[in-house]
């Protein structure tokens, strides 16, 4: 005899399984073919839905709207302005950012808290938009979907056979969609970001100041939170030199004022700092004591 409510539970389970099977049927053909823009969007949406239910996202609406407004302002000047870009603040003290195919862009709270002005955050968003606009994620999928490992990842994500996206979801997302980018892809995203920022009226030198800040912090706090950034965004002096050269070539021709800071960003940072401490993401992950924090974090 069925227990009370048992049939409803089974019905919900069957419906959920049917939805996963339908999604899988639509996506599995990607394994043997080129990834179209439509397929890129569908797969990116599927993975984002998984990530968004398993990682802590900042739910403060004004903060989320601010990042989305800033990101979309920049994205309008990208090579793919029609992509439905969505930006998320991940409530973790780690320093990282990554983009999924289809325009889902994640920035860790710990990274934003290290910025000193709007041009630095804009530089991060523009770099990730560059990856999306250049379809670096789609190219990565086309390379990896023919391998057993990528097929396994999709199988787990879509069919839900075993938990994949748990407290380590950010590492997985970064490893799959960011670290897989070649150094050429990283340099291309940097160059694209410079152009997007200038077109948006933002000073691209924020890219260099934030990046140099990370380098200095990594040297003084080897156990700090910036190691994750370097793991998924390979840092080389060559990349810095190329970005600096791109800026020096483009800026002299700019006749309009480029913003480094705006009053609203100071309000944004104050509101972000006023949030409760982020929940621990990784067991045993080091946290910075007040004495270890950088001057603008104290």
Exercise for the section: Would you mind ranking 128, 82 by Cβ crowding within 10 Å, fewest neighbours first? Expected result: 82, 128
Exercise for the section: Arrange the peptides 58-67, 72-81 so that the one whose residues have, on average, the most other Cβ atoms within 10 Å appears first. Expected result: 72-81, 58-67
Fill in the blank from the handout: Neighbour-count ranking for 38, 216 (other C-beta within 10 angstrom, fewest to most) reads 38, 216
Problem - Extension gain (nm, one decimal) between residue 64 and residue 208, 0.36 nm per residue minus Cα-Cα - result: 49.4 nm
Exercise for the section: Return 214, 98 ranked ascending by Cβ neighbour count within 10 Å, so the fewest neighbours appear first. Expected result: 214, 98
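Where a number appears in this text, it was derived from the coordinates with a stated rule and is not lab data. Since the structure is predicted, the reported quantities are computational estimates derived from the model, not experimental observations. Here the Cβ is made from the backbone with ideal geometry for all residues, glycine too, and neighbour counts use every protein chain on show.
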